[in-house]
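Notes for the one structure printed next.
FYI, it's all coordinate maths here, none of it is from the lab. Bear in mind that the values here come from a model prediction, so they are computed numbers and not experimental data. Glycine gets a Cβ as well: all are built from the backbone with ideal geometry, and neighbour counts include every protein chain shown.
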Amino acid sequence: MSHDLFSRILLAISLIAAAVVFPVLFRIAAPYGRYVRKGWGPYLPNWLGWLLMESVSPMVMLIMFLTGDVPKTAALIVFFLMWESHYIHRAFIYPFTLRDKWKPMPIAVMSMGMMFNLVNAFLNGRYLFDLSGSRYQTSWLSAPQFILGALLFVVGFIINRHADHTLRGLRAEGEMGYKIPYGGLYRYISCPNYFGEIVEWTGWAIATWSFTGFGFALWTFANLAPRARAHHKWYHENFSEYPKERKALLPGLW
């Protein structure tokens, strides 16, 4: 089986899985964070779970970048740096900023997250650095889709980081309770951190203009939209004063 055919089959399986997982997550919230519960096997500390499952992505992408046969143009280097900028933070900085870093995370959840990151890093890295041929020349950096996509990626990155910073500021070190976040996009939606990440990877999909990029963006939405809805519902159930005008994920819409 050729590498191209294997990647296509893996992408198809991934998209089918996303279509199955999307409605399921609206009914069953993934059991980590505020939804952690018994019945999911052994646990590990929250910070270690995040570190293990997220570190797969930057490491796999680095390997693909270093071993790929496609000549490393400026455009491909920029794509590599975009990917790494997100996942180096998510894997090696974010876990150590968590206020609830010792909260338990099921190993099963960590393992599923690791597999998700492995598959998506492999698919995107394989396409960019092995299968794209001469598509991404330096001139790609001035293409309209790259400019729009890169802009969305940066905007989403900033929104995501600002929202995470706001959440972290709600608790003192060692404090475990939940509070209502305010400010920034929290004025309009319950989960600007998830909104920012969806914008970020939509930007990636547009910038690369690839099936693997759009597949990853769809997976991101399928994973985070149901969780945003669960958070929104949880806030209303646990805080009588929660702002009623806020939406779950999309300002003014949903």
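So between Ala17 and Leu81, what do we pick up on full extension, going 0.36 nm a residue minus the alpha carbon distance? It would help to have the intermediate numbers written out before the result.
Working: separation 64, 0.36 × 64 = 23.04 nm, distance 2.79 nm.
So the extension gain works out to 20.2 nm.
In degrees from 0 to 90, rounded to the nearest 10, what is the angle of the helix 46-67 Cα long axis to the longest principal axis of the chain?
Between helix and principal axis, roughly 10 degrees.
Towards the positive end of the charge dipole of the chain, with charges on Cβ (+1 Lys, Arg; -1 Asp, Glu), say which of Ala19, Met114, Ala91 has the farthest Cα.
Among Ala19, Met114, Ala91, the one farthest towards the positive end of the dipole of the chain is Ala19.
How big is region 3-238 by Rg and Dmax over its Cα atoms, in Å?
Considering region 3-238 through its Cα atoms, Rg and Dmax are 18.1, 54 Å.
Can you tally the net charge around Arg161? Count Lys and Arg as +1, Asp and Glu as -1, for every other residue whose Cβ sits under 13 Å from the Cβ of Arg161. Mind dumping the intermediate values first?
Numbers: positive: Arg90, Arg168; negative: Asp164, Glu197, Glu200.
For residues surrounding Arg161, the net value is -1.
Determine the calculated [θ] at 222 nm for the chain from helices alone, applying -39500 (n - 2.57) to every DSSP H run no shorter than 4 residues and normalising by the residue count; nearest 500 deg cm²/dmol. Working shown, then result.
Numbers: 7 runs with 156 residues, N = 254.
Estimated from H runs of four or more residues: -21500 deg cm²/dmol.
Relative contact order, percent, of the chain when contacts are C-alpha pairs under 8 Å separated by at least 6 residues?
Working: 347 pairs, mean separation 61.0, N = 254.
Once normalised by length, the contact order is 24 percent.
In nm, what is the difference between 0.36 nm times the number of residues separating Met176 and Met59 and their Cα-Cα distance? Before the final figure, lay out the partial values.
On the way: separation 117, 0.36 × 117 = 42.12 nm, distance 3.16 nm.
The span from Met176 to Met59 would gain 39.0 nm if fully extended.
For Arg8 and Trp254, what is the calculated FRET efficiency with R₀ set at 35 Å and r taken between the beta-carbons, to the nearest 0.05? Kindly include the intermediate steps, with their values, before the conclusion.
Values: r = 33 Å, r/R0 = 0.93.
With a Förster radius of 35 Å, E is 0.60.
How would region 87-156 be classified by its alpha-carbon gyration tensor: rounded, prolate or oblate, with rounded meaning a/c under 1.5 and the a/b versus b/c comparison settling the rest?
Details: a/c = 3.75, a/b = 1.83, b/c = 2.05.
The shape class here is oblate.
As an exercise, find the ratio Rg/Rh for region 172-231 from alpha-carbon atoms, using the Kirkwood inverse-distance average for Rh. Walk me through the numbers before you get to the answer.
Details: Rg = 14.5 Å, Rh = 13.0 Å.
Here Rg/Rh amounts to 1.11.
What's the percent breakdown of Cα-Cα distances in region 110-254 across 10 Å bins, shortest bin first?
P(r) over region 110-254, rounded to whole percents: 11, 33, 31, 18, 6, 1.
Counting GluC sites (Glu not before Pro) as exposed when in a DSSP loop with at most 10 other beta carbons within 10 Å, what is the longest stretch of the chain free of them? Before the final figure, lay out each step's value.
Details: sites that count: Glu173, Glu241, Glu245.
Here the longest segment lacking exposed loop sites spans 1-172.
If we count other beta carbons within 10 Å of each Cβ, what is the order of Ser190, Ser85, Ser139, Ser7, fewest first? Kindly include the intermediate steps, with their values, before the conclusion.
On the way: Ser190 26, Ser85 15, Ser139 11, Ser7 19.
Ranking Ser190, Ser85, Ser139, Ser7 by Cβ neighbours within 10 Å, fewest first, gives Ser139, Ser85, Ser7, Ser190.
Taking the highest mean first, how do the peptides 45-51, 110-116 order by number of other beta carbon atoms within 10 angstrom per residue? Write down the numbers at each step before the final one.
Numbers: 45-51: 19.4, 110-116: 17.1.
Final packing ranking: 45-51, 110-116.
So if we plug the beta-carbon distance of Asn238 and Met115 into 1/(1 + (r/R0)^6) with R0 = 41 Å, what FRET efficiency do we get, rounded to 0.05? Walk me through the intermediate numbers first.
Numbers: r = 32 Å, r/R0 = 0.77.
Once rounded, the FRET efficiency stands at 0.85.
Among the trypsin sites (Lys or Arg not before Pro) in region 4-60, which ones are in a DSSP loop with at most 14 other Cβ atoms within 10 Å of the Cβ? Mind listing them? Don't jump to the answer; show the numbers that get you there.
Details: sites: Arg8, Arg27, Arg34, Arg37, Lys38; in loops: Arg37, Lys38.
When the trypsin sites (Lys or Arg not before Pro) of region 4-60 are filtered for loop state and at most 14 Cβ neighbours within 10 Å, Arg37, Lys38 remain.
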